[in-house]
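Report on the structure given below.
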Amino acid sequence: MRHVPGDLLKGGHLVGGRWVGAAGGGAAEVANPATDEVLATVPWGGGEDARRAVDAAAAALPEWRARTAAERAEPLRRLASLMLERREDLALLMTLEQGKPLAEARGEVAYAASFVDWAAEEGKRLYGELVPSSHRDKRILVLRQPLGVTAAITPWNFPAAMITRKLGPALAAGCAMVVKPAPQTPLSALAVGALAEEAGIPPGVVNVVCGDAEAIGDALLADPRVRKLSFTGSTEVGRILMAKAARNLTRLSLELGGHAPFLVFDDADVDAAVAGLLASKYRNMGQTCVCPNRILVQGGVYEAFVDRLAGAVAALKVGPGWEEGVRIGPLVDDEAVAKVERHVRDAVSKGARLRAGGERVRPGAGLADRFFAPTVLEDFTPDMELSHEETFGPVSPVRRFETEEEALELANDSPYGLASYFYTRDAARLIRVAEALEYGIVGANDGAPSTAQAPFGGVKHSGFGREGGRYVMDEYVNVKYVSWGGL
Ligand code: SIN
């Protein structure tokens with residue numbers, strides 16, 4: 001197998017343009033979830049590391065903020081290009097530390113670069129307004145100005161894209177950022193930091209610190225210089241961060257858990273629906289916030305849909321992500337596999353019927369015990385854990401419905417509101433159902449709605465704030481007005 005080139009394999013925090021150890025001297029190993037092989041050692045920092053990174057960001061801010069949007073766009077576009085030029089290396093690094101199949105990792109690198117590229121251009125459209133006043137001698141001038149120092153706490157499931165969808169717009173708006181990546185996947189984050197340096201983004205505008213989430217998060221939220229924290233992760237942690245953010249009234253974007261419904265109506269193209277579900281549910285081994293967790297299929301196409309789905313799922317190749325043709329890699333850690341196993345056992349013990357998978361598998365010698373066969377379960381019911389808790393694994397629970405009204409009631413019966421999906425060929429139903437679904441994202445005949453051009457984000461317990469589209473820029477600016485009198 002190829003090796004990741006040393007210039008992308010960083011073993012230090014990136015603070016103020018320098019690669020440094022943790023303030024307290026701590027270090028942590030990063031291991032390949034498919035084999036347990038240690039890939040690298042990174043610093044394990046805490047509050048002091050976060051404060052130093054904020055110092056560096058605050059020092060870099062004035063010069064960066066003073067640039068024109070076009071001057072900021074130039075190194076940002078270079079960063080996006082470098083990510084694409086180094087796509088193979090970044091993808092291999094991602095597969096090795098996170099487990100996703102190489103083809104998906106390549107896709108994520110392109111997805112990650114697209115957020116930087118998109119934001120670089122959107123930064124040029126941070127228009128103000130001249131608003132007519134009710135007084136003849138006045139005008140109202142509205143300005144959108146960068147927030148200042150910002151922070152991002154990012155998850156392991158998309159080790160590069162969840163950083164750049166925050167970092168790109170923050171920088172394009174004129175903010176500096178401190179990034180705290182997940183402990184499972186710091187290497188991809190540090191590699192993005194290394195490319196940001198190479199792209200010519202000034203030292204201190206991008207900082208990356210790894211380590212204790214609570215200590216770093218607390219330090220970031222205790223520091224009044226940090227004007228915004230963008231977090232992607234669980235609803236549970238989102239609530240804690242929100243309570244702590246109250247102290248300095250730190251602005252938040254929270255992209256939290258989901259429990260997506262996936263509806264298939266009698267008038268759907270069943271093959272397209274199966275393909276959409278495969279793309280959405282089994283992407284990243286089901287470890288996404290947007291993947292379907294409740295598959296609801298109307299009676300007329302139920303048997304055809306489940307038969308085709310079970311056949312297609314049983315054919316998905318399981319193995320280490322770097323092996324040709326693999327669609328299902330290892331889950332990220334032991335806790336993740338244990339949760340999937342618990343959900344499947346609980347469902348089966350309460351009457352669900354297994355149509356594919358259902359257990360751990362060992363796809364080769366020398367591999368870790370973290371591979372779970374892609375699974376299809378029929379007849380899930382509300383008393384099963386997987387009916388209301390995110391499984392975060394390759395499991396499709398399916399059940400039947402009879403009417404559109406029943407489907408919508410079941411689909412909206414969740415405290416979460418991130419993504420939802422449905423398949424129909426009826427144009428009137430398409431609009432009706434899209435409007436009735438209480439979710440921030442609706443895939444209508446589309447299992448892959450995520451893109452840099454769209455405003456990604458949730459409602460209810462899935463959080464608030466939007467990432468992508470033109471909307472994301474508002475997350476990183478203050479709106480100020482100047483009441484201009486004496487005209
Ligand atoms: C997520 O699962 O958190 C993000 C998925 C996406 O961007 O499509």
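Going residue by residue through the stretch 169-178, is there one that turns out to be under 25 Å from residue 47 (Cβ atoms) and in a helix (DSSP H, G or I)?
Going residue by residue through the stretch 169-178, those that are under 25 Å from residue 47 (Cβ atoms) are 170-171, 175-178.
Now drop any that are not in a helix (DSSP H, G or I), which leaves 170-171.
Yes.
Given the residues 109, 192, 178, which is the only one that is of a type in the set (A, V, I, L, M) and within 15 Å of the ligand (Cβ to nearest atom)? It would help to see each step written out before you state the result.
Numbers: 192 fails: within 15 Å of the ligand (Cβ to nearest atom); 178 fails: within 15 Å of the ligand (Cβ to nearest atom).
Criteria check complete, one pass: 109.
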Those residues of the stretch 118-134 that are part of a helix (DSSP H, G or I) and either without any contact (Cβ under 8 Å) to a residue 60 or more places away in the chain or open to solvent by less than 70 Å² (accessible area, probe 1.4 Å) (or both) come to a total of 6
Scanning the stretch 216-240 residue by residue, those under 22 Å from the mean Cα position of the chain (by Cα), in a helix (DSSP H, G or I) and more than 16 Å from the ligand (Cβ to nearest atom) turn out to be 216, 217, 218, 220, 221, 239, 240
Being within 13 Å of the ligand (Cβ to nearest atom), open to solvent by less than 30 Å² (accessible area, probe 1.4 Å), assigned to a helix (DSSP H, G or I) and of a type outside the set (Asp, Glu) narrows 100, 166 down to just 166
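Restricting the search to the stretch 356-390, which residues are acidic (Asp, Glu) and either closer than 25 Å to residue 233 by Cβ or open to solvent by less than 20 Å² (accessible area, probe 1.4 Å) (or both)? So that I can check it myself, show each step before the final result.
Going residue by residue through the stretch 356-390, those that are acidic (Asp, Glu) are 359, 369, 378-379, 383, 385, 389-390.
Correct list: 378, 385, 389, 390.
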The residue from 23, 56 that alone is among the small types (Gly, Ala, Ser) and in contact with a Lys or Arg (Cβ under 7 Å, 6 or more places away or on another chain) is 23
Sole miss for residue 435 among (1) within 18 Å of residue 458 (Cα to Cα); (2) in a loop (DSSP other than H, G, I, E, B); (3) open to solvent by 60 Å² or more (accessible area, probe 1.4 Å) is condition (2)
Reported set for the stretch 135-162 where residues are outside any strand (DSSP E or B) and either more than 29 Å from residue 209 (Cα to Cα) or away from the ligand (no atom under 13 Å from the Cβ) (or both) is 135, 136, 137, 138, 147, 148
Subset of the stretch 443-464, residues within 11 Å of the ligand (Cβ to nearest atom) and not in a loop (DSSP other than H, G, I, E, B), comes to 443, 456, 463
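Take the residues in the stretch 420-432 that are part of a loop (DSSP other than H, G, I, E, B) and of a type outside the set (Ser, Thr, Tyr), then tell me which one is farthest from residue 163 (Cα to Cα).
For the stretch 420-432, the residue satisfying everything is 426.
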Among residues of the stretch 21-38 being within 16 Å of residue 50 (Cβ to Cβ) and surrounded by 18 or more Cβ atoms within 10 Å (Cβ to Cβ), the residue nearest to the chain's Cα centre (by Cα) is 22
Residue set 204, 200; condition open to solvent by less than 10 Å² (accessible area, probe 1.4 Å) and farther than 17 Å from residue 154 by Cα; output residue 204
Considering the stretch 175-185, residues that are in contact with a Phe, Trp or Tyr (Cβ under 8 Å, 6 or more places away or on another chain) and farther than 20 Å from residue 29 by Cβ, and then whichever is surrounded by the most Cβ atoms within 10 Å (Cβ to Cβ), we arrive at 176
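Could you grab me the full set of residues in the stretch 223-250 that are touching a residue at least 40 places away in the same chain (Cβ under 8 Å) and surrounded by fewer than 19 Cβ atoms within 10 Å (Cβ to Cβ)?
Of all residues in the stretch 223-250, those touching a residue at least 40 places away in the same chain (Cβ under 8 Å) come to 223, 225-233, 235, 238, 241.
Within the stretch 223-250, 225 is the sole residue that qualifies.
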All-but-one check, residue 80 against (1) under 25 Å from residue 148 (Cα atoms); (2) outside any helix (DSSP H, G or I); (3) in contact with a Phe, Trp or Tyr (Cβ under 9 Å, 6 or more places away or on another chain); (4) of a type in the set (A, V, I, L, M, F, W, C), failing number (2)
Selection from the stretch 339-355 of residues closer than 26 Å to residue 33 by Cα, open to solvent by 10 Å² or more (accessible area, probe 1.4 Å) and over 22 Å from the mean Cα position of the chain (by Cα) yields 341, 342, 345, 346
Within the stretch 268-320, of all residues that are of a type in the set (Gly, Ala, Ser) and within 16 Å of the ligand (Cβ to nearest atom), the one most open to solvent (accessible area, probe 1.4 Å) is 279
- Message: Would you confirm, using the coordinates I've provided, whether residue 172 is under 24 Å from the mean Cα position of the chain (by Cα), open to solvent by less than 10 Å² (accessible area, probe 1.4 Å) and closer than 14 Å to residue 476 by Cβ?
- Response: yes
Result of the Cβ filter at 9 Å on the stretch 455-474, keeping first residues that are over 18 Å from residue 233 (Cα atoms) and open to solvent by less than 10 Å² (accessible area, probe 1.4 Å) and partners that are assigned to a loop (DSSP other than H, G, I, E, B) and more than 15 Å from the ligand (Cβ to nearest atom), at least 6 apart or interchain, is 473/126
For the stretch 285-296, pairs from a residue that is farther than 17 Å from residue 162 by Cα to a residue that is within 12 Å of the ligand (Cβ to nearest atom) and among the small types (Gly, Ala, Ser), with Cβ under 6 Å and 6 or more apart or across chains, are 292/260; 292/280; 293/260
Of the residues in the stretch 378-408, those that are out of contact with any strand residue (DSSP E or B) (no Cβ under 9 Å at 6 or more places or on another chain) and under 20 Å from residue 433 (Cβ atoms) number 1
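The values are calculated or read from the model by the stated rules, or taken from the named source; none is laboratory data. Because the structure is predicted, anything quoted here is derived from the model rather than measured. Cβ atoms come from the backbone with ideal geometry, glycine included; neighbour counts cover every protein chain shown. Side chains are part of the model used for accessible areas, which takes the heavy atoms of the whole protein and leaves out ligands, DNA and RNA. Shrake-Rupley method; radii C 1.70, N 1.55, O 1.52, S 1.80 Å.
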